[in-house]
Each structure stands twice: as C-alpha cells, then as structure tokens.
C-alpha cells in the first residue's frame with residue numbers, strides 16, 4: 001500500500017496542461033502553482049514537486065528547484081517528443097520522470113510515491129547518520145574520560161606496588177606485574193614487620209578491570225593496617241588470622257569478588273616461613289640444592305565463603321634458596337601441552353632462572369606476556385647465604 005504524500009505541488013509549463021493539473025489534483029492532491037513560482041513559495045511540509053518540461057527554457061526554470069539541500073523530491077513530466085529535455089533534467093539532479101503523463105496517470109502516481117519514499121529514506125538515513133555521528137562523538141568523549149581515569153588508576157596502582165628490587169636482611173625481593181588491561185587484578189606486596197620478619201603475598205582478584213583493581217588496593221590497605229594494629233597491641237600475627245579477617249572484609253564489600261592469595265611471614269633470622277595458601281594457583285616454587293618443587297599446602301579462596309578456615313603451614317628454609325611466585329596468567333603463555341606439562345615447564349623455568357629475576361621476566365616477555373589476555377605476575381625471593 002502506498003503511503004500518503006503529505007504535500008505536493010505542480011509546476012506547469014506556460015499555456016498548457018490545465019487538464020493534467022486537474023487530474024493530478026484528484027489523484028495526488030497536488031496543488032498547482034504558477035509557472036514562475038520559486039522554492040521559497042513552498043511550505044516546509046512539501047515532499048514533492050512535479051515539474052512539466054516543454055522546451056529548453058523550462059530547463060532554466062527547473063534549475064532553481066534542484067538545490068542539493070532540498071528536502072522534497074522532483075518528478076519530471078514531459079511529452080514523448082521531449083525525452084532529450086528529460087535526460088538533461090535528470091543529469092541536473094531531478095529524481096525521476098514519466099513521459100506522456102496524460103496517458104499514464106496511474107504511472108505518475110506510482111512514480112511520485114516512489115520518489116517521495118526514496119527521499120524519505122534518504123532523509124531518514126541522513127538523520128540516522130547524524131545521530132550516530134553525535135553518539136560516536138559522545139562515546140569518544142566518554143572513552144577519553146574513561147581512558148584518563150584508567151591511566152590515573154594504573155598510575156595509583158603502580159605507585160602502590162613495593163620497590164623492586166628490595167633487600168631485607170639476606171633476602172632480595174623482586175616482582176613484575178603485567179596487566180592485560182590498564183588495571184590489574186593481580187597484586188604483590190612485601191614489607192618488614194620488624195628487624196627479622198617480613199610479610200609478603202601474591203594475590204589474584206577474580207575478573208578484570210576497575211573493580212578487580214580496586215580490590216587489590218583494598219588488600220594492601222587492609223593487610224598493612226591490620227598488621228600495624230596487631231604490632232602496636234603486641235599481639236601475635238599469623239597468616240591464617242590475616243586471611244580470616246580479610247575474608248570478612250571482602251565479603252562485607254558485597255562486590256561479588258573473591259581473591260586467591262599466597263601470604264607468608266618469613267623470619268630471616270632462623271630461615272623459617274609460616275604461610276597460608278588461599279587457593280592461589282600455581283603454588284610457589286621453591287628451588288634449593290638445585291632442585292625445584294611446588295610448596296605443599298592448599299586452602300580456600302578469600303571472600304567467597306563466610307565460614308572459610310585457613311590452615312597454616314611452616315617450612316624451614318636453608319640459608320640459600322630461591323622462591324618464585326606466579327599468577328595463573330603464566331599458563332596462558334604456554335600454548336601447548338596439558339596442565340601437568342605446563343606445571344613441569346614452570347618448574348623448569350623456576351630452576352633455570354633461580355636467582356635471575358630479569359632472565360625469568362625476559363623469558364615470559366618473549367612468550368608474549370605484554371599481550372596476554374590475562375594478568376601475568378611474577379615475584380621472586382632470593383635467600384642468600386649469611
């Protein structure tokens with residue numbers, strides 16, 4: 001069914017076709033204007049101008065109606081003998097034509113509706129394009145703001161990471177955090193509790209992006225604050241107690257996030273390490289006597305279960321050893337093999353680069369660490385002979 005044309009006008013040629021004007025008025029509700037009418041005479045609602053060509057002088061009158069910015073369609077009518085004029089009119093920008101309109105009035109109506117429909121579609125397409133351009137501009141502005149926020153967040157997160165390398169007693173701590181996005185859900189920290197003991201951890205927050213990065217900052221603030229308060233009170237500090245309190249804190253945020261974390265307190269004087277593994281995978285790798293092995297002990301993630309209990313383990317370390325901690329993003333860099341094969345490869349890497357943190361980072365960089373779909377984090381601790 002043809003849609004209604006809101007407003008249409010007919011521009012006749014001098015001295016002819018009054019009968020055609022009457023027919024058009026009946027069939028299309030077309031208003032006839034004077035031959036010397038101009039576009040300024042049209043209403044804003046006009047969608048169609050029907051223009052009759054009879055001689056070359058009519059082409060000059062037609063030019064004024066073919067403004068490229070017009071909203072209305074232009075339909076040409078002419079006798080069969082004036083086909084050449086019609087071609088000139090189409091070349092100038094008219095939308096369509098009908099020859100011998102008196103005999104083909106139904107065709108005039110059909111073509112009129114068609115050109116108006118095309119003009120409407122073109123107008124709608126232009127409006128849609130302009131709207132999309134505006135939306136795109138607003139989106140780009142929002143992305144710029146978001147990018148600036150992400151860059152600021154990354155700067156803050158990077159500034160909160162500990163110094164690397166960092167020496168404490170006969171220990172050397174080093175780390176590398178490589179986020180998959182601007183912000184990382186991985187985090188490491190280490191700091192002295194007193195002259196002999198140092199606390200360290202590697203944490204991996206579920207998910208990616210700003211909410212995960214926010215939680216890494218919460219980890220740092222909470223753990224350091226909790227340890228400081230306990231030291232001031234002279235209370236005993238244990239990895240299990242820290243994770244238990246951290247579990248309550250994260251559940252209380254209702255962010256829907258949880259954390260896997262390996263947290264330990266290392267006594268450099270007697271080479272004893274007390275630790276909890278809050279579902280952190282892979283487990284840290286200990287290299288001593290030239291052999292590499294995963295540290296034993298598993299536990300529950302932090303921030304997932306309100307009744308979680310964190311078992312503590314103790315490990316007596318030799319005066320000379322190397323401890324390597326990894327986030328699970330390292331496995332994304334190993335393209336082939338089963339999980340067991342990847343674990344074996346990780347042990348080999350830890351053993352090969354024991355005491356060479358820069359060499360280990362370079363190995364993972366060559367494997368594509370900078371472009372990994374997951375955060376990749378390494379932390380190494382070298383225990384030197386005293």
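Test residue 88 against the stated conditions and say whether it is part of a helix (DSSP H, G or I) and in contact with a helix residue (DSSP H, G or I) (Cβ under 8 Å, 6 or more places away or on another chain). So residue 88 passes the test.
Scanning region 164-181 turns up no residue that is within 23 Å of residue 329 (Cβ to Cβ), out of contact with any strand residue (DSSP E or B) (no Cβ under 7 Å at 6 or more places or on another chain), free of Cβ contacts under 8 Å to residues at least 12 places away in the same chain and not in a loop (DSSP other than H, G, I, E, B).
Here's the yes/no breakdown for (1) under 17 Å from residue 76 (Cβ atoms); (2) in contact with a strand residue (DSSP E or B) (Cβ under 7 Å, 6 or more places away or on another chain); (3) not assigned by TED's automatic domain parsing to the domain that holds residue 77:
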position: 90; (1), (2), (3): yes, yes, no
position: 97; (1), (2), (3): yes, yes, no
position: 110; (1), (2), (3): yes, no, no
position: 116; (1), (2), (3): yes, yes, no
position: 121; (1), (2), (3): no, no, no
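Restricting 263, 219, 231, 199 to those that are assigned by TED's automatic domain parsing to the domain that holds residue 302, closer than 26 Å to residue 172 by Cβ, in contact with a strand residue (DSSP E or B) (Cβ under 6 Å, 6 or more places away or on another chain) and not in a strand (DSSP E or B) reduces the list to 219.
Table: residues versus (1) at negative phi; (2) crowded, with 22+ Cβ neighbours inside 10 Å; (3) in contact with a strand residue (DSSP E or B) (Cβ under 7 Å, 6 or more places away or on another chain).
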{"residue": "347", "(1), (2), (3)": "yes, no, yes"}
{"residue": "353", "(1), (2), (3)": "yes, no, no"}
{"residue": "359", "(1), (2), (3)": "yes, no, no"}
{"residue": "362", "(1), (2), (3)": "yes, no, no"}
{"residue": "365", "(1), (2), (3)": "yes, no, no"}
{"residue": "376", "(1), (2), (3)": "yes, yes, yes"}
{"residue": "380", "(1), (2), (3)": "yes, yes, yes"}
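Being modelled with pLDDT under 85, over 13 Å from residue 76 (Cα atoms) and part of a loop (DSSP other than H, G, I, E, B) is the filter here, so list the residues in region 2-34 that pass it. Answer for region 2-34, where residues must be modelled with pLDDT under 85, over 13 Å from residue 76 (Cα atoms) and part of a loop (DSSP other than H, G, I, E, B): 2, 3, 4, 5, 6, 14, 15, 16, 17, 29, 30.
Selection of region 262-310 for residues being touching a helix residue (DSSP H, G or I) at 6+ places or on another chain (Cβ under 7 Å) and within 28 Å of residue 231 (Cβ to Cβ) yields 263, 264, 265, 274, 275, 276, 278, 302, 303, 306, 308, 310.
Scanning region 83-104 for residues that are under 18 Å from residue 49 (Cβ atoms) and in contact (Cβ under 8 Å) with a residue 24 or more places away in the chain returns 85, 86, 88, 89, 92, 93, 94, 95, 101. Listed by first and then second residue, the pairs linking a residue in region 356-370 that is assigned by TED's automatic domain parsing to the domain that holds residue 346 and touching a residue at least 12 places away in the same chain (Cβ under 8 Å) to a residue that is surrounded by 13 or more Cβ atoms within 10 Å (Cβ to Cβ) and part of a helix (DSSP H, G or I), with Cβ atoms under 7 Å apart and 6 or more places separating them unless they lie on different chains, are 360/349; 363/349; 364/330; 364/333; 367/333; 368/333; 369/333.
Quick check: anything in region 36-43 under 21 Å from residue 103 (Cβ atoms), modelled with pLDDT of 85 or more and out of contact with any strand residue (DSSP E or B) (no Cβ under 7 Å at 6 or more places or on another chain)? No, region 36-43 contains no residue that is under 21 Å from residue 103 (Cβ atoms), modelled with pLDDT of 85 or more and out of contact with any strand residue (DSSP E or B) (no Cβ under 7 Å at 6 or more places or on another chain). Condition test on residue 124, is it surrounded by fewer than 12 Cβ atoms within 10 Å (Cβ to Cβ) and at pLDDT below 90? Considered against the rule, which asks whether it is surrounded by fewer than 12 Cβ atoms within 10 Å (Cβ to Cβ) and at pLDDT below 90, residue 124 comes out as yes. Scanning region 175-216 for residues that are modelled with pLDDT of 90 or more, touching a helix residue (DSSP H, G or I) at 6+ places or on another chain (Cβ under 6 Å) and surrounded by fewer than 22 Cβ atoms within 10 Å (Cβ to Cβ) yields 176, 189. Of all residues in region 292-319, those satisfying the criterion of being surrounded by fewer than 17 Cβ atoms within 10 Å (Cβ to Cβ) and assigned to a strand (DSSP E or B) are 293, 294, 314, 316.
The values are calculated or read from the model by the stated rules, or taken from the named source; none is laboratory data. Here the structure is a predicted model, which is why all the values come from computation and not from measurement. Positions of Cβ are backbone-derived with ideal geometry, glycine not excepted, and every protein chain shown enters the neighbour counts.
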